[in-house]
Amino acid sequence: MAIKSLGYIGINSAQLPQWQEFACQVMGLEDVSTRLNADDDTLFFKMDDHPYRFIVNKSDEDKLGFCGWETNSEQGLQDVADALAAAGIPFEWGSEQDAAARSVSKLLRFADPSGTQHEAFYGVISDFKRMNSPVGVERFITGDQGLGHVVIPAPNFDATSSFFTDVLGFGLSDLMKIKFTDDPNEPEKRLWFMHCNTRHHSLALFEMPMPTGCVHLMVEVPSVDEVGLCNDRRIAANVKLTGTLGRHANDHMVSFYMRSPSGFDIEYGAEGRTVDDWDNYPVFHSTVASFWGHDFSVGHQD
Ligand SMILES: [Fe+2]
């Protein structure tokens with residue numbers, strides 16, 4: 001497939017100071033807005049040797065802005081364009097200024113059938129400076145696995161899931177069906193996990209509308225100790241816990257969840273599994289989210 005990883009994430013927010021504090025002092029990302037000559041309405045946060053991985057744009061709403069998907073080459077990006085055209089999905093090429101603003105060589109934009117905005121790009125422009133975390137996070141697990149994973153709403157589920165698998169070439173990793181009550185009349189909502197590299201999932205689709213445009217975004221650190229240190233910083237910064245520590249049954253991630261300034265959750269984890277040979281990987285249907293932990297009821301408490 002032409003798409004290789006989740007390359008960057010764009011967030012629209014009315015809370016730029018809160019994002020600066022949260023991203024740097026809790027998540028441990030480096031604010032590189034000045035280095036990238038950002039205007040007063042834009043924040044860039046760095047995780048690794050990419051110039052940045054998060055862009056926060058000032059807005060009057062708080063919502064996921066876009067997912068940026070990395071391809072390996074100009075031909076890879078053209079393959080994405082050709083696949084979109086063949087499927088009749090509208091897209092537009094970004095201008096040279098658009099590409100420069102993203103620190104990439106070329107990009108295109110499209111929306112998925114549930115309305116989430118996406119970009120595909122190639123040719124990250126990087127000076128390979130190392131991340132200098134303001135709170136001493138050694139590094140994040142990125143590289144070929146991309147920046148982490150994103151879970152987005154897909155109320156138009158059948159069209160959206162087949163768009164990602166049949167048009168963009170994602171593979172299905174596993175699936176869940178979720179109910180929030182014991183009411184037999186409550187329809188099950190599908191939650192499908194998809195891969196585009198060795199990370200168990202880079203994308204998940206949830207069959208529900210979400211006003212924030214995002215269910216959660218996951219970043220991974222090299223050790224459970226780094227996860228615990230982030231949780232200590234979360235407590236010190238008075239950031240709301242939305243899911244207790246636990247280990248997921250599908251990607252084996254040991255993680256907790258916290259509320260970002262934009263209202264969706266950030267999952268902060270370690271020990272996520274990778275899959276080298278997807279041809280010999282059996283898709284499974286999980287009936288539980290986690291082996292242990294991950295009490296999400298805390299997110300609904302005041
Ligand atoms: Fe997750």
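Does any residue of segment 83-104 turn out to be under 17 Å from the mean Cα position of the chain (by Cα) and in a loop (DSSP other than H, G, I, E, B)? No, every residue in segment 83-104 fails to be under 17 Å from the mean Cα position of the chain (by Cα) and in a loop (DSSP other than H, G, I, E, B). Can you name the residue in segment 191-209 that is away from the ligand (no atom under 14 Å from the Cβ) and within 21 Å of residue 296 (Cα to Cα) and, of all such residues, is surrounded by the fewest Cβ atoms within 10 Å (Cβ to Cβ)? So, considering only residues that are away from the ligand (no atom under 14 Å from the Cβ) and within 21 Å of residue 296 (Cα to Cα), the one surrounded by the fewest Cβ atoms within 10 Å (Cβ to Cβ) is 209. The residues in segment 249-275 that are in contact with a Lys or Arg (Cβ under 7 Å, 6 or more places away or on another chain) and among the aromatic types (Phe, Trp, Tyr) can be counted, and the count is 0. When you scan segment 131-153, do you find a residue that is within 14 Å of the ligand (Cβ to nearest atom) and in a helix (DSSP H, G or I), even just one? Yes, some residue in segment 131-153 is within 14 Å of the ligand (Cβ to nearest atom) and in a helix (DSSP H, G or I). Annotation note: Cβ proximity below 7 Å between a residue of segment 227-252 that is at pLDDT 95 or above and a residue that is surrounded by fewer than 21 Cβ atoms within 10 Å (Cβ to Cβ) and basic (Lys, Arg) (sequence gap 6+ or interchain) occurs for 239/259; 240/259; 242/259; 251/273; 252/273. Residue 12 falls short of the stated requirement of being outside the structural domain of residue 222 (by TED's automatic domain parsing), surrounded by fewer than 17 Cβ atoms within 10 Å (Cβ to Cβ) and not in a helix (DSSP H, G or I). Screening residue 162 with (1) part of a loop (DSSP other than H, G, I, E, B); (2) surrounded by fewer than 16 Cβ atoms within 10 Å (Cβ to Cβ); (3) without any contact (Cβ under 8 Å) to a residue 60 or more places away in the chain gives one miss only, at (1). Among the residues of segment 27-47, those that are out of contact with any Ser or Thr (no Cβ under 8 Å at 6 or more places or on another chain) and in a loop (DSSP other than H, G, I, E, B) comprise 32, 34, 35, 37, 38, 39, 40, 41. Pairing each residue of segment 17-37 that is over 15 Å from residue 139 (Cα atoms) with any residue that is surrounded by 17 or more Cβ atoms within 10 Å (Cβ to Cβ) and of a type in the set (Gly, Ala, Ser), provided the two are 6+ apart or on different chains, yields C-beta distances under 8 Å for 19/13; 19/260; 19/262; 22/260; 36/103.
Note on segment 215-230: among residues that are part of a helix (DSSP H, G or I) and surrounded by 18 or more Cβ atoms within 10 Å (Cβ to Cβ), the one that is farthest from the ligand (Cβ to nearest atom) is 226.
Within segment 276-293, if we keep just the residues that are hydrophobic (A, V, I, L, M, F, W, C) and away from the ligand (no atom under 12 Å from the Cβ), the residue that is nearest to residue 54 (Cα to Cα) turns out to be 278. Scanning segment 244-271 for residues that are surrounded by fewer than 22 Cβ atoms within 10 Å (Cβ to Cβ) and small (Gly, Ala, Ser) returns 246, 249, 263, 270. Scanning segment 23-53 for residues that are of a type in the set (S, T, N, Q) and either under 15 Å from residue 10 (Cβ atoms) or buried (at least 24 other Cβ atoms within 10 Å of the Cβ) (or both) yields 33, 42.
For segment 236-275, residues that are within 13 Å of the ligand (Cβ to nearest atom) and within 14 Å of the chain's Cα centre (by Cα) total 7.
The values are calculated or read from the model by the stated rules, or taken from the named source; none is laboratory data. None of the values given here were measured: they were computed from a predicted structure. Cβ coordinates were reconstructed from backbone atoms using ideal geometry, including for glycine residues, and neighbour counts include every protein chain displayed.
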